[in-house]
Amino acid sequence: MKIQLSVIAPCYNEVKNVRELVRRVLGTFAKGAIEGEIVLVDDGSNDGTGDLLRELAQAHPQVCPVFHEKNKGIAAAWESGLQASRGYHTCLIDSDLQYVPEDILRLYREILYSHADVVQGVRSEIGLRPDLRYYYSRFLNFLLNVFFRMRARDNKSGFVLCRRGVLKEILEHHYRYRYFQTFITIAAVAKGYSVREVETLFQPRKRGVSFINRFPLKVITGVFIDLAKGLFEYRLRPPFASPETTFLRQHSPPRAPEETLPGWRRWWWKLFLALMPLHHWMITSRAEKFYAALQRTQWLSPAQIRQLQEQKLQRLVHHAYDHVAYYRDLFDQIGVKPTDIESLDDLPKIPLLAKDDVRANLYFSLLSDTYDKRRVLKVSTSGSTGEPFVCYADQRQLEQRWAATQRSMEWTGYRFGDRQVRLWHQTVGMKFTQVWRERIDAFFNRRIFIPAFQMSEANIVRTLQKIDAYRPALLDGYAESFNLLALYTKIVPILEARPKGIISSAQVLPPQSRQAIEEAFHCSVFDKYGSREFSGIAYECPAHRGHHVVAENYIVEILKDGRPALPGETGEIVVTDLNNYCMPMIRYRIGDLAVAVDPAQTCSCGRGLPLVGSIEGRVQAIIVNSEGVYLPGTFFAHFFKDHDQVVRQYQIVQEEDGRITLKIVKAENYDEDEFARMILDLRVHLGQTTTLHTEFVDHIPMVRTGKQQGSISRLKIDFQKAGSKIPSK
């Protein structure tokens with residue numbers, strides 16, 4: 001039996017009220033057809049409450065007693081009750097019967113219908129007889145609203161209902177409070193949860209004695225001390241409670257992160273972080289905490305990484321269902337509930353999200369109803385097929401992916417403060433303010449840019465001379481740009497710089513290109529796989545045994561024919577973003593292909609992050625031959641590497657079935673007979689009935705961001721239906 005609702009009631013000397021509380025709560029369960037339980041926490045009572053709880057547990061299977069040997073306070077009783085509870089939702093209620101147990105049903109229905117994260121019962125004025133304690137409470141509520149920018153009618157009401165995981169996070173706090181119950185909704189709002197108020201009856205206490213007397217000087221003093229702590233924790237020092245830091249409290253990785261910033265670098269790093277608002281949009285200095293967490297989580301075991309992913313996935317799915325209309329409608333349509341998604345094995349229960357789904361629902365139902373428009377970044381791209389694509393990323397996602405980028409750069413041997421060269425587009429498509437932010441960021445990172453789209457034979461020598469003069473420790477940019485530089489150094493060996501590493505990204509990196517680049521620059525190439533939607537998704541480590549997925553941020557599936565691809569098979573990459581709550585992207589078909597790796601395979605570097613194999617390019621780069629065989633873009637990279645004596649550059653374009661255009665830039669040693677033999681070899685793969693039109697051109701232009709596209713298909717291909725036609729590696 002799955003428990004739908006756990007009612008948690010702290011009991012301190014409430015022997016006169018508990019029996020009636022149980023009777024009325026059970027009656028509420030029956031009326032609402034709720035599978036529920038009552039968790040009664042005896043908080044060190046000395047009036048026989050404990051014995052009564054044992055008696056009630058014997059009489060009613062729904063009653064679960066918990067015992068404290070001494071009085072610890074309401075908040076501690078809530079935590080003990082939460083640990084013992086089993087319900088999907090939890091409800092906190094006092095056991096003195098001042099809050100009416102029948103109103104539990106109203107709160108429960110409200111959270112089901114409104115999809116708020118937290119529903120709070122606020123005391124109605126109906127039948128209320130104000131006394132001195134009432135005015136104490138109203139004054140305290142006024143102070144809480146002023147100090148914490150709240151508009152709540154009853155901040156400190158302990159009659160709340162929410163999901164079990166939400167309550168667990170709300171109850172986690174940094175300081176020791178005497179009366180943490182004062183801050184329950186303040187903590188909820190500070191941690192990003194929505195709160196909905198429901199007016200409920202509040203009756204005078206009929207039996208027992210309140211712990212607050214007529215002149216509670218001790219309580220008032222304690223509350224003001226708590227107020228100062230709460231002001232610092234929830235207002236002056238916003239709470240940092242990432243799933244990674246929470247997970248690390250319970251799971252220590254076997255290896256500690258290395259000290260990477262000695263001496264002047266640490267001071268430069270601190271200044272860089274302090275000035276984050278000047279050089280990064282929406283990323284704050286708290287990104288350092290995400291970075292510090294990722295430095296540790298990379299050394300967790302594969303099983304622990306999977307456990308962390310599953311915890312984040314469960315929270316994401318619940319949020320998506322409660323706050324994103326697209327997913328709520330989708331789940332209801334297919335008969336899936338958030339509770340059905342408990343592990344990574346349950347992901348296939350959720351349909352794939354295509355780019356067309358995003359375009360059709362972006363402004364209607366894919367944005368969360370709780371997202372803060374001031375904390376959201378619009379991400380735009382022209383798309384691989386030229387069709388514009390827009391999505392949105394929230395602040396936490398941006399900070400998490402920045403932290404992952406910093407971590408991955410260090411895998412090359414780079415340390416913050418080292419010089420960098422980036423072969424990139426730098427400012428293409430940027431606004432004036434974005435350009436200046438980029439320049440300030442480059443100053444702190446000691447990074448210079450060389451525009452990749454301007455690279456040609458006319459200025460390639462100047463590019464190499466600029467790199468050589470700057471002596472960078474790290475270079476990063478497009479694979480095609482590095483390949484072009486590497487090929488030129490064979491003719492004019494002018495490069496003497498010895499960087500620590502090169503990060504290749506944005507394009508497929510064939511083995512022959514990697515070899516040429518490493519020989520030219522005398523260092524290892526570290527391939528990066530990413531996208532505009534997510535930034536870096538997977539990176540190579542020094543072992544070069546595949547790409548480590550940034551598993552703290554993303555779940556990556558490699559699918560073929562709708563199933564997980566077998567080791568060595570080429571499959572379609574499907575990404576679930578675990579951090580973006582303003583626009584959840586669950587099982588998103590990013591449009592790329594990769595080779596699957598055995599999930600049991602571990603990397604010799606010691607990191608527990610899962611691996612994917614070589615990146616095989618875009619689905620939109622697949623060429624279909626006349627026999628219906630699908631050739632990925634990497635096929636042509638492998639094919640033409642053996643014909644570099646006649647072909648310097650190529651581009652193969654398919655506009656329609658059965659017709660292909662091949663654009664060729666001739667090599668210096670071009671020979672007609674060798675070229676004819678190459679075409680005969682190529683026809684073996686393209687099919688004899690395929691119409692092949694060859695064009696000789698002087699150059700093949702890059703797109704304006706500097707990318708070189710070797711294979712372009714205008715066909716509409718669904719890889720999950722066509723995947724079986726692509727041979728395994």
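The values are calculated or read from the model by the stated rules, or taken from the named source; none is laboratory data. All figures in this text were calculated on a predicted structure; none of them were measured in a lab. Neighbour counts are summed over all protein chains in view; Cβ atoms, including those assigned to glycine, are modelled from backbone coordinates with ideal geometry. All accessible areas refer to the heavy atoms of the entire protein, side chains included, with ligands and DNA or RNA removed. Shrake-Rupley method; radii C 1.70, N 1.55, O 1.52, S 1.80 Å.
Residue-wise test of (1) β-branched (Val, Ile, Thr); (2) open to solvent by 50 Å² or more (accessible area, probe 1.4 Å); (3) closer than 30 Å to Val166 by Cα.
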residue	(1), (2), (3)
Phe272	no, no, no
His279	no, no, no
Ala287	no, no, yes
Ala293	no, no, yes
Ala303	no, yes, yes
**Request:** Check the stretch 619-628 and report whether any residue there is buried (at least 21 other Cβ atoms within 10 Å of the Cβ) and in a strand (DSSP E or B).
**Result:** yes
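Taking the stretch 16-25 on its own, how many of its residues are surrounded by fewer than 20 Cβ atoms within 10 Å (Cβ to Cβ) and either closer than 13 Å to Asp42 by Cα or in contact (Cβ under 8 Å) with a residue 12 or more places away in the chain (or both)? So that I can check it myself, show each step before the final result.
Just the residues of the stretch 16-25 that are surrounded by fewer than 20 Cβ atoms within 10 Å (Cβ to Cβ), to begin with: 16, 19-20, 23-24.
Then drop every residue that is not either closer than 13 Å to Asp42 by Cα or in contact (Cβ under 8 Å) with a residue 12 or more places away in the chain (or both), which leaves 16, 19-20, 24.
Final tally of qualifying residues: 4.
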**Request:** Look at Thr602 and say whether it is surrounded by fewer than 24 Cβ atoms within 10 Å (Cβ to Cβ) and more than 30 Å from Phe364 (Cα to Cα).
**Result:** yes
**Asked** Out of (1) closer than 22 Å to Arg109 by Cα; (2) open to solvent by less than 30 Å² (accessible area, probe 1.4 Å), the odd one out for Ala33 is which?
**Response** (2)
**Prompt:** Taking the condition out of contact with any Phe, Trp or Tyr (no Cβ under 6 Å at 6 or more places or on another chain), closer than 29 Å to Gly32 by Cβ and of a type in the set (Phe, Trp, Tyr), does Tyr99 pass?
**Reply:** no
**Residue, nearest to Asp561 (Cα to Cα), within the stretch 337-353, restricted to residues that are in a loop (DSSP other than H, G, I, E, B) and open to solvent by less than 30 Å² (accessible area, probe 1.4 Å)** = Ile350
**Message:** Of everything in the stretch 175-207, what is under 32 Å from the mean Cα position of the chain (by Cα), open to solvent by 70 Å² or more (accessible area, probe 1.4 Å) and at pLDDT below 90? Give them in sequence order.
**Reply:** Arg176
**Request:** Would you confirm whether any residue within the stretch 671-679 is more than 28 Å from Tyr488 (Cβ to Cβ) and at pLDDT 75 or above?
**Result:** yes
**Whichever residue in the stretch 43-76 is among the small types (Gly, Ala, Ser) and not in a helix (DSSP H, G or I) and, among such residues, is nearest to His173 (Cα to Cα)** = Gly73
**Message:** Any residue at all in the stretch 478-493 that's surrounded by fewer than 13 Cβ atoms within 10 Å (Cβ to Cβ) and modelled with pLDDT of 80 or more?
**Reply:** no
**Request:** Can you tell me which residue among Asp527, Asp561 is touching a helix residue (DSSP H, G or I) at 6+ places or on another chain (Cβ under 6 Å) and either open to solvent by less than 50 Å² (accessible area, probe 1.4 Å) or of a type in the set (Asp, Glu) (or both)?
**Result:** Asp561
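Answer with yes or no whether Asn13 is modelled with pLDDT under 95, on the phi > 0 side of the Ramachandran plot, more than 41 Å from the chain's Cα centre (by Cα) and of a type in the set (S, T, N, Q).
Yes; evaluated as a whole, the condition is true for this residue.
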**Asked** Being polar (S, T, N, Q) and farther than 30 Å from Asn580 by Cα, is that true of even one residue in the stretch 496-510?
**Response** no
**Request:** Among the residues of the stretch 247-265, write down those that are surrounded by 14 or more Cβ atoms within 10 Å (Cβ to Cβ) and in a helix (DSSP H, G or I).
**Result:** Phe247, Leu248, Arg265
**Message:** Being of a type in the set (Val, Ile, Thr), touching a strand residue (DSSP E or B) at 6+ places or on another chain (Cβ under 8 Å) and either assigned to a strand (DSSP E or B) or on the phi > 0 side of the Ramachandran plot (or both) is the requirement here; does Ile586 meet it?
**Reply:** no
**Fill in**
Scanning the stretch 24-42 for residues that are assigned to a helix (DSSP H, G or I) and more than 16 Å from Ala9 (Cβ to Cβ) gives Ala30, Lys31, Gly32
**Request:** Give Val122, Val166, Val66, Val100 a once-over and let me know the one that is aliphatic (A, V, I, L, M), open to solvent by less than 30 Å² (accessible area, probe 1.4 Å) and touching a helix residue (DSSP H, G or I) at 6+ places or on another chain (Cβ under 7 Å).
**Result:** Val66
**Message:** Return the residues of the stretch 665-698 that are within 46 Å of the chain's Cα centre (by Cα), assigned to a loop (DSSP other than H, G, I, E, B) and among the hydroxyl-bearing types (Ser, Thr, Tyr); say none if nothing qualifies.
**Reply:** Thr690
**Complete:** Given (1) at pLDDT 85 or above; (2) open to solvent by 20 Å² or more (accessible area, probe 1.4 Å); (3) of a type outside the set (A, V, I, L, M, F, W, C); (4) under 27 Å from the mean Cα position of the chain (by Cα), His425 misses just (1)
